[in-house]
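S.K.: Below is a structure I'd like to ask you about.
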Amino acid sequence: MLILDRILGQASDPALADRLHDLSHAGQVEILSLSGSDIQRHRLRLASDRGTDCAIRLERHQQLRNGSVLMLDAQRAIVVQMQDQQFLSLQPRDTAAALELGYFAGNMHWTVRFAGDTLQIPLNGPETDYLERLAPMLADGRVQRA
Amino acid sequence: MSTALNALPLPQAHPGAARVGIGGPVGSGKTRLLEQLIPRFIARGIELAIITNDLATREDAERVQRSGLIDPQRVIPVETGACPHTAIREDPTLNLQMADALEARFKNLDLILIESGGDNLASTFSLDLVDYWIFVIDVAGGDDIPRKRGPGVLSCDLLVVNKYDLAPYVGVDLPRMRRESAQARDGRPVLFTNCATGDGVDAVVDAISRAVLFDQP
Ligand SMILES: Nc1nc2c(ncn2[C@@H]2O[C@H](COP(=O)(O)OP(=O)(O)O)[C@@H](O)[C@H]2O)c(=O)[nH]1
Ligand SMILES: [Mg+2]
């Protein structure tokens, strides 16, 4: 197990980018792939893409981001990569349906994003879990996927 | 491994406590689980503190303080008011302040356990507040709970199905509940416990230790 307890910088920092570039040509940059929610954590145990057992342990004021470099020496680097956030986009048929959908999403405590006349829900888990809940509104056309 | 002089580790400041949430419906056994976890962590040499969230009373905190299991000063109540899950999800400020205060007061804390105020199946923990969270349901709540696929059951780091001793009395088919919990969790951990006796609780301690107390001997 490798304890990673510091964010050395971002992969895009000029000071780090050159060294990362050289290491990556030698195939020595390991990736820790994190979901949009896991990236919020301060302690986390997971394997890198090369199978290294990593234990992240950050101080409370520190925050992982896409591209955070957690280890860098002459032999290897370890870099955080945030998985793309998937959204479910929903379009209500009319004002009445919009009210209903907004009420429902709030009741489910889903995080939402407003984009014009669609409601976008970042998916934390399989899309089918969300579609299951929305089934009545999707079935009769009050709401459709955008 | 490199043994260059400049690679020698500097003496480290204490890295701070891991924070672990325990959520789940009222009565599922969260406080009882706490009472089973406390002596086990203390026996492993873990420096521990507890936060309990209660609607409008301090009953859970007082119960744990009186238990004799832990220094009462290490147990702090948060009164959440009307909506207990808000205090662990949308606005965990109060809990964050309490956790920070505990760490300031007890410098060597390794672990803070945070019991939520009792919620419905939709409650989850903010990952701002905790590093890892457990959702406790119980067999007497019905064997259909895993099938209902509530967000708590689906998204927690560890699902604990408590009170398995009650299965014969409430007509619950335990093997089926095991199977359906595993399906709902899609391979992520599920443990069955009897927190009245402590059966199965060691496995919960092991799971927490592996996930967030990895720096402990
Ligand atoms: N038979 C049995 N009773 C339990 C078990 N765990 C908890 N209880 C009882 O269930 C009740 C509710 O437990 P409590 O920990 O207060 O639930 P909480 O509301 O989730 O904190 C108490 O009377 C406990 O003694 C268990 O595994 N088996
Ligand atoms: Mg309780």
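S.K.: Taking only Cα atoms and a 10 Å spring cutoff, compute GNM fluctuations for chain A and point out the largest among A:Met71, A:Met82, A:Met108.
M.R.: Its mean-square fluctuation being the largest, the pick is A:Met108.
S.K.: Over chain B, what is the relative contact order in whole percent, taking alpha-carbon pairs under 8 Å and six or more residues apart?
M.R.: 25 percent
S.K.: Long-range amide H contacts for B:Asp138: which residues qualify at under 5 Å (H placed 1.01 Å from N, peptide plane, sequence gap of 5 or more or a different chain)?
M.R.: B:Asn162
S.K.: Which percentage, to the nearest 5, of the DSSP beta bridges contained in chain A is antiparallel?
M.R.: Given both bridge residues lie in chain A, the antiparallel proportion sits at roughly 70 percent.
S.K.: Something else: Taking the Cα atoms only, what angle lies between the long axis of helix B:174-185 and the longest principal axis of chain B, rounded to 10 degrees?
M.R.: So the helix axis and the longest Cα principal axis differ by about 50 degrees.
S.K.: Still on this model: When we measure straight from the Cα of B:Lys148, which aspartates and glutamates land under 13 angstrom away, once same-chain ones fewer than 8 places off are left out?
M.R.: By straight Cα distance, B:Lys148 reaches A:Asp129, A:Glu132, B:Glu180.
S.K.: Which whole-number percent gives the relative contact order of chain A, counting Cα pairs below 8 Å spaced six or more residues apart?
M.R.: In percent, rounded to a whole number, it is 23.
S.K.: Given the options B:Ala13, B:Ala99, B:Ala207, which has the most mean-square fluctuation in a GNM of chain B, springs set between C-alpha atoms less than 10 angstrom apart?
M.R.: B:Ala13
S.K.: At a Förster distance of 35 Å, what's the computed FRET efficiency of B:Ala203 paired with A:Leu131, Cβ-Cβ distance as r, to 0.05?
M.R.: Once the sixth-power term is evaluated, E becomes 0.55.
S.K.: Same structure, new question: Tally the DSSP beta bridges in chain B and give the antiparallel ones as a percent, rounded to 5.
M.R.: Working: 1 of 29 bridges.
In chain B, DSSP labels about 5 percent of beta bridges as antiparallel.
S.K.: Let me ask something additional. Once you've got the GNM for chain B with C-alpha springs shorter than 10 Å, pick whichever of B:Gly23, B:Gly200, B:Gly45 has the biggest mean-square fluctuation.
M.R.: Sorting by GNM fluctuation, first place goes to B:Gly45.
S.K.: What are the ³J(HN,Hα) couplings of region A:21-27, residue after residue, when phi is run through the Karplus curve with 6.51, -1.76, 1.60 and θ = phi - 60°? Round to Hz, x for glycine and proline.
M.R.: Whole-Hz 3J(HN,Hα) from phi for region A:21-27: 4, 4, 5, 5, 5, 8, x.
S.K.: In Å and on Cα atoms, what radius of gyration and Dmax does region A:2-82 show?
M.R.: 11.7, 34
S.K.: Moving to a separate point now. Could you give me the percent of Cα pairs per 20 Å distance bin for the protein assembly as shown, shortest bin first, beginning at zero and ending with the bin that holds the maximum distance?
M.R.: Each 20 Å bin holds this share of Cα pairs: 26, 54, 20, 0.
S.K.: Using only the alpha-carbon atoms, how far is helix B:30-43 inclined from the longest principal axis of chain B? Give it as 0 to 90 degrees, nearest 10.
M.R.: 40 degrees
S.K.: Amide H to amide H, which residues 5 or more places from B:Ile76 or on other chains are under 5 Å from it, using H placed in the peptide plane?
M.R.: Residues meeting the criterion, in which the H sits 1.01 Å from N, are B:Ile50, B:Ile51, B:Thr52.
S.K.: Output the antiparallel fraction of DSSP beta bridges having both residues in the protein assembly as shown, as a percent to the nearest 5.
M.R.: 35 percent
S.K.: Please report, largest first and rounded to whole Å, the three semi-axes of the ellipsoid equivalent to chain A, where each semi-axis is the square root of five times an eigenvalue of the C-alpha gyration tensor.
M.R.: Working from the Cα gyration tensor, I get semi-axes of 41, 15, 13 Å.
S.K.: Applying the Karplus parametrisation 6.51 cos²θ - 1.76 cosθ + 1.60 with θ = phi - 60° to the phi angles of region A:72-80, what ³J(HN,Hα) value in whole Hz is obtained for each residue in order, glycine and proline being reported as x?
M.R.: Per residue, the Karplus-derived 3J(HN,Hα) values read 7, 9, 5, 9, 7, 10, 10, 10, 7 Hz.
S.K.: Partner chain Cβ atoms within 10 Å, averaged over the residues of A:40-48 - can you pull that number for me? Provide the component values of the computation, followed by the final result.
M.R.: Values: counts 5, 7, 8, 14, 7, 6, 1, 0, 0.
Mean inter-chain Cβ contacts per residue within 10 Å come to 5.
S.K.: Ok, one more. Hey, what do the phi angles of region A:40-50 turn into as Karplus ³J(HN,Hα) couplings, whole Hz, using 6.51/-1.76/1.60 and θ = phi - 60°, x for Gly and Pro?
M.R.: Ordered by residue, 3J(HN,Hα) equals 6, 6, 9, 10, 6, 10, 7, 8, 6, 5, 9 Hz.
Each value in this text was obtained by applying a stated rule to the coordinates, not by laboratory testing. Nothing here was measured: the structure is a model prediction, and the numbers come from that model. Cβ coordinates were reconstructed from backbone atoms using ideal geometry, including for glycine residues, and neighbour counts include every protein chain displayed.
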